[in-house]
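So the structure is just underneath, and the comments pick up after that.
The values are calculated or read from the model by the stated rules, or taken from the named source; none is laboratory data. Please read these numbers as outputs of a predicted model, since none were measured by experiment. Note: ideal-geometry Cβ built from the backbone for every residue, glycine included; neighbour counts use all protein chains shown.
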Amino acid sequence: MSFVIRCLDCGQTAPYFPASANCTHCGNEWREAEYDYDALAQSLPASLAARPFDLWRYRELLPIRNPNPSLSLGEGGTPLIRAINLGMMLGNPNIFIKDERQGPTGSFKDRQAAVTIAALKEAGITEMVAASTGNVAIAYSAYAARAGIKLWAFVTSLVPAVKMREIALYGSQVIKVTASYDQAKQLAAQFARQRGLYQDMGARTITSIEAMKTIAFEISEQLTALLGPRTSSTGKPMWQTPDWYIQAISGGMGPIGVSKGFRELKRMGLTENIPAFGPIQTEGCAPMVNSWKKGLEKAEPVTTPRTHIETLATGDPGRAYTFLRNTVNETNGAFESVTDEEAFRAMHVLAKMEGISVEPAAAVAVAGLIKLIRNGQVKSTDVVVVNCTGHTMPAEQSVLGENWSRNITMPAQSAEGKPEDGLLAALASVAPDRFPRVVIVDDSADSRRLIRRILQSQGDYQILEAPNGQEGLELIRRELPDLIILDLMMPEMDGFAVLDALRATAETAEIPVIVASAKELTADEKTRLGGHIQALMQKGDFMNDEFLDEVQALIQ
């Protein structure tokens with residue numbers, strides 16, 4: 001498929017050559033690829049059915065003249081996972097995670113590396129330079145090794161040692177720079193100029209942006225398969241698009257590429273809408289967020305990043321902010337920032353609620369989603385896709401905090417070689433003297449599972465469940481638990497009736513009750529509850545610290 005490179009300043013078009021980094025007319029470094037969208041609108045949809053679900057499925061929309069299958073490591077085609085428990089906690093049933101951890105080297109940078117290395121190989125380039133906070137150098141190292149291209153990887157000394165070792169494992173030359181990431185980029189650029197080598201320039205690299213847009217293509221196809229086609233204003237069935245796309249950012253390349261992908265889908269007539277964009281940064285290095293909230297057209301650099309999440313420590317985003325700012329404003333999106341602590345907490349929540357372990361940079365996006373939902377910008381009916389960008393790493397002690405493990409010392413064996421009291425003695429040293437007992441009464445199996453999961457993540461509790469009011473009352477009278485978590489809105493015997501029955505018997509009248517309700521209560525209903533329960537929690541608001549604090553205060 002034919003394509004040209006268009007300068008974003010002067011509009012000049014030219015053929016694509018990877019070694020040519022500037023517009024030949026005005027010298028601008030910011031350019032993008034353009035394709036014959038009208039022709040593709042007719043041919044592409046019919047071609048997709050017979051193709052594997054990977055990045056090269058969209059090869060006519062990539063700046064590679066002759067894709068080389070032998071270079072592929074299986075990039076693209078990552079799952080789109082509905083976050084059922086997280087959605088229930090936040091009151092939004094349509095939260096999806098684009099799980100980019102499942103790329104060949106474990107991050108969305110595999111897309112960037114796959115397309116760029118393919119272009120370099122096609123152009124006969126055998127050596128390149130890249131500055132990185134970790135993941136991009138790992139991805140480039142893997143693909144460069146496969147293509148026989150030497151990589152010089154400039155990384156800051158703050159990059160985790162395990163990532164540096166992985167870069168070196170592929171045979172790349174690691175240059176560790178004891179300075180900020182922005183300074184490492186400057187050294188990499190100087191090194192590339194001196195040696196006349198190809199340099200990856202992040203968001204200014206055409207192949208990087210083109211690779212990232214395949215995320216948008218995949219999301220639209222996957223949402224269409226999950227939710228069914230969307231009907232256009234003219235009644236035509238079209239591909240789905242989310243209402244929000246949320247991603248953690250450092251230099252902003254990912255969302256810039258993804259936004260181009262959604263724009264191309266709309267230009268080809270395959271979709272009608274472009275999602276609102278939510279780029280998230282960590283508060284210790286948030287030049288884009290801070291500048292956007294001030295209404296600035298150019299970003300104010302952060303000269304001294306103060307964050308433990310080094311992979312997001314780009315203090316000077318340059319012109320990438322301008323492009324991303326335009327996207328956010330045009331789509332009615334929002335920049336947002338979160339603290340390192342909020343990101344670490346989101347890591348715990350995502351792992352415990354969904355079984356998805358992410359690195360802190362990816363958790364920043366999840367924490368940002370929580371913040372956007374809480375402040376009302378993301379609505380409960382919105383379809384949201386969060387890019388889980390990151391390379392799962394071994395969890396650090398600083399993330400886990402204290403008391404994350406317990407020790408078991410097995411008893412000494414007797415002369416006959418049999419353990420004294422066996423496993424029971426060992427478990428007795430772990431368990432508290434008395435296990436707090438909790439009864440959950442809720443007619444929704446999903447709600448019971450979610451509450452159980454939250455409690456289990458906080459400690460060792462004996463948890464009993466009942467699917468309706470009558471069975472719940474019988475269970476409570478029989479077991480006399482230490483705490484009751486009670487749904488109000490149940491058929492036949494509702495939570496109000498259960499409370500009345502509990503108050504009528506001395507042995508159950510004093511058991512603490514936390515009431516959970518899926519709807520706003522009337523003044524009369526609140527009066528009816530007054531003085532008889534420990535707390536009233538709205539379903540969809542279980543993320544609040546108040547819920548966990550109430551539970552722990554009552555049963556520990």
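Does region 66-85 contain at least one residue that is of a type in the set (A, V, I, L, M) and at pLDDT below 95?
The initial filter retains those residues of region 66-85 that are of a type in the set (A, V, I, L, M), namely 71, 73, 80-81, 83-84.
Adding the requirement that they be at pLDDT below 95 leaves 84.
Within region 66-85 (the criterion being of a type in the set (A, V, I, L, M) and at pLDDT below 95), the answer is yes, since at least one residue qualifies.
Got a sec? Which of Leu488, Leu483 is over 12 Å from Ile440 (Cβ atoms) and either surrounded by 13 or more Cβ atoms within 10 Å (Cβ to Cβ) or touching an Asp or Glu at 6+ places or on another chain (Cβ under 7 Å) (or both)?
On inspection, the qualifying residue turns out to be Leu488.
Residues are listed down the side, and each one gets a yes or a no for (1) part of a helix (DSSP H, G or I); (2) more than 16 Å from the chain's Cα centre (by Cα); (3) in contact (Cβ under 8 Å) with a residue 40 or more places away in the chain:
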residue	(1), (2), (3)
Arg306	no, yes, no
Gly315	no, yes, yes
Asn332	no, yes, yes
Met353	yes, no, yes
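State which residue is nearest to Val328 (Cα to Cα) when the search covers only region 265-293 and only residues that are part of a loop (DSSP other than H, G, I, E, B) and aliphatic (A, V, I, L, M).
Among residues in region 265-293 that are part of a loop (DSSP other than H, G, I, E, B) and aliphatic (A, V, I, L, M), the one nearest to Val328 (Cα to Cα) is Ile274.
Under the condition of being charged (D, E, K, R) and over 27 Å from the mean Cα position of the chain (by Cα), which residue from region 152-204 is farthest from Thr304 (Cα to Cα)? Reasoning before the result, please.
Of all residues in region 152-204, those charged (D, E, K, R) come to 163, 165-166, 176, 182, 185, 193, 195, 200, 204.
Adding the requirement that they be over 27 Å from the mean Cα position of the chain (by Cα) leaves 176, 193, 195.
Values: Lys176: 19, Arg193: 26, Arg195: 30 Å.
Among them, the one singled out is Arg195.
Among Glu336, Glu342, Glu359, which is buried (at least 22 other Cβ atoms within 10 Å of the Cβ), acidic (Asp, Glu) and more than 30 Å from Lys266 (Cβ to Cβ)?
Working: Glu336 fails: more than 30 Å from Lys266 (Cβ to Cβ); Glu342 fails: buried (at least 22 other Cβ atoms within 10 Å of the Cβ).
Of the residues listed, the single one that is buried (at least 22 other Cβ atoms within 10 Å of the Cβ), acidic (Asp, Glu) and more than 30 Å from Lys266 (Cβ to Cβ) is Glu359.
Let's see how each residue does on (1) part of a helix (DSSP H, G or I); (2) among the aliphatic types (A, V, I, L, M); (3) assigned by TED's automatic domain parsing to the domain that holds Gly148:
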residue: Val4; (1), (2), (3): no, yes, no
residue: Glu32; (1), (2), (3): no, no, no
residue: Glu60; (1), (2), (3): yes, no, no
residue: Leu86; (1), (2), (3): yes, yes, no
residue: Lys98; (1), (2), (3): no, no, no
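Give the residue that is surrounded by the fewest Cβ atoms within 10 Å (Cβ to Cβ), with candidates limited to residues of region 34-53 that are aliphatic (A, V, I, L, M) and assigned to a helix (DSSP H, G or I).
Checked region 34-53; the qualifying residue surrounded by the fewest Cβ atoms within 10 Å (Cβ to Cβ) is Ala46.
Which residues, taken from region 119-138, are at pLDDT 95 or above and either in a loop (DSSP other than H, G, I, E, B) or of a type in the set (Asp, Glu) (or both)?
Across region 119-138, the qualifying residues are Glu122, Gly124, Ile125, Thr126, Glu127.
Could you look through region 213-264, keep only residues that are in a helix (DSSP H, G or I) and among the charged types (D, E, K, R), and pick out the one that is surrounded by the fewest Cβ atoms within 10 Å (Cβ to Cβ)?
Arg263
For the subset of region 95-151 comprising residues that are free of Cβ contacts under 8 Å to residues at least 60 places away in the same chain and polar (S, T, N, Q), which member is nearest to Leu169 (Cα to Cα)?
Ser141
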